[in-house]
Amino acid sequence: MMVPYVKDILSQSEGLRDALENFDPWALEVVRQVITAGQCDRIILTGMGASYYGAYPAWLRLCGLDLPVVLWDTAELLHYGLGQVTSRTLVWVISQSGESAEVHRLLERLASKRPKLLIGVTNNPSSTLGKAAEVVLPLHAGAEHTVSTRTYINTLAVTLMAAAVLRDEPVSACKEALWQGQMAMADYLKAWSHHLDTIREMADRLRHLFLLGRGASFASAQEGALVLKEAAKFAAEGMGAAQFRHGPLEIVETGIAVWLFGGAQPTVELNRTLGLEIKQYGGEVAWVGTQPVEGLTWVPLPSVPELALPLVEILPVQALSVVLAEASGREPGQFRHIGKVTTRE
């Protein structure tokens, strides 16, 4: 019988379709006008877990604006960063449930320290976040049973489309790239059993795993490690590929495995060079990309526009999480110590 986590994985392309069809750019018109008129001093994006990682690609896009844009872990913002919030700040809170502990406390603090505007991205518009925000962007991901799947994918898409609006770019171009990602996801998931078999051949050797990426693929590395810990109870570390050279490279030897996301064109060659070097030192390297690299094990991805890469990069990691969970005799995605909504700091 198919477990709830796998059902959620296999329905991701349908969830993304709903997000693309229902996204309303006019909801952000007041925000765009505030930015265009120079009425805000900075934008702060904030979230926890998958919501935090899912906002990363949009944050990179928003960094092209002529004002500071900062991405904060909500707990750190709450306890150490509230001095950054002024009456001219645009605070953008991403929370799939809209009810996590840190979001509750942040909203309480912002009640007496009101920003210029509060944007909420959530799968539950009737949540505490949805009621507090002046602008609400629904994820339209539907009910999700365990580990973030559809909500993560839709967070990527909704925040990227919102970033296009705020950058005054054609939303249609962004949406077209994401539609191509949606179709590629659908095709990938139709061949789910085949992908599981391929990943299963690689998983027997995994003991210590790093996931590395740059740019928007940094989100895939971080979310991928989170998925493996949550869904498979497998210890994995996600980090920036460049950061791996600043110390962690020293740990590489036989038995150390790396999944390296090829990512966007500006840093593909840097990633390729790093992968070959890791292999030279005895590490096992899997290249997660749309094209293979000679000398490295290839985890193939469907060909999509660079903007849509994070949508498909997470799919083989989700497959790996299922394989590793089943190999250890666990039900993939079943929680032991936490729940769907984190209610304690």
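Considering only residues in segment 160-173 that are more than 17 Å from the chain's Cα centre (by Cα) and touching a residue at least 40 places away in the same chain (Cβ under 8 Å), the one that is nearest to D18 (Cα to Cα) turns out to be V171. Within segment 165-197, can you find the residues that are of a type outside the set (D, E) and open to solvent by 50 Å² or more (accessible area, probe 1.4 Å)? Listed by number, the residues that qualify are R167, P170, S172, A173, W179, Q180, M183, K190, S193, H194.
Considering only residues that are of a type in the set (A, V, I, L, M, F, W, C) and assigned to a strand (DSSP E or B), look in segment 216-256 and name the one that is farthest from L274 (Cα to Cα).
That would be A236.
Within segment 38-55, not a single residue is closer than 20 Å to A157 by Cα, in contact with a Leu (Cβ under 7 Å, 6 or more places away or on another chain) and without any contact (Cβ under 8 Å) to a residue 40 or more places away in the chain. Just to be sure, is G215 within 28 Å of P332 (Cβ to Cβ) and either at pLDDT below 95 or in contact with a helix residue (DSSP H, G or I) (Cβ under 8 Å, 6 or more places away or on another chain) (or both)? So G215 does not fit the description; no.
Listed by first and then second residue, the pairs with beta-carbon distance under 7 Å, at least 6 apart or on different chains, first residue in segment 318-345 and without any contact (Cβ under 8 Å) to a residue 40 or more places away in the chain, second assigned to a loop (DSSP other than H, G, I, E, B), are E326/P332. Just one of the numbered conditions (1) without any contact (Cβ under 8 Å) to a residue 12 or more places away in the chain; (2) on the phi < 0 side of the Ramachandran plot is not true of G283: (1).
For segment 296-345, the set of residues classified as at pLDDT below 90 and open to solvent by less than 60 Å² (accessible area, probe 1.4 Å) consists of P332, G333, F335, G339, V341, listed by residue number.
Among the candidates R114, R150, the residue that is at pLDDT below 95 and either more than 14 Å from S95 (Cα to Cα) or in contact with a Ser or Thr (Cβ under 9 Å, 6 or more places away or on another chain) (or both) is uniquely R114.
Restricting the first member to segment 200-215 and to residues that are assigned to a loop (DSSP other than H, G, I, E, B), and the second to residues that are surrounded by fewer than 22 Cβ atoms within 10 Å (Cβ to Cβ), the beta-carbon pairs closer than 6 Å and six or more apart or on different chains are L206/A257; R207/G255; R214/T267; G215/A264.
The values are calculated or read from the model by the stated rules, or taken from the named source; none is laboratory data. Bear in mind the structure is a predicted one, so any value in this text is a computation, not a measurement. Please note: Cβ atoms are built from the backbone with ideal geometry, for glycine as well, and neighbour counts cover all protein chains shown. Keep in mind that these areas ignore ligands, DNA and RNA; they rest on the heavy atoms of the full protein, side chains included. Shrake-Rupley method; radii C 1.70, N 1.55, O 1.52, S 1.80 Å.
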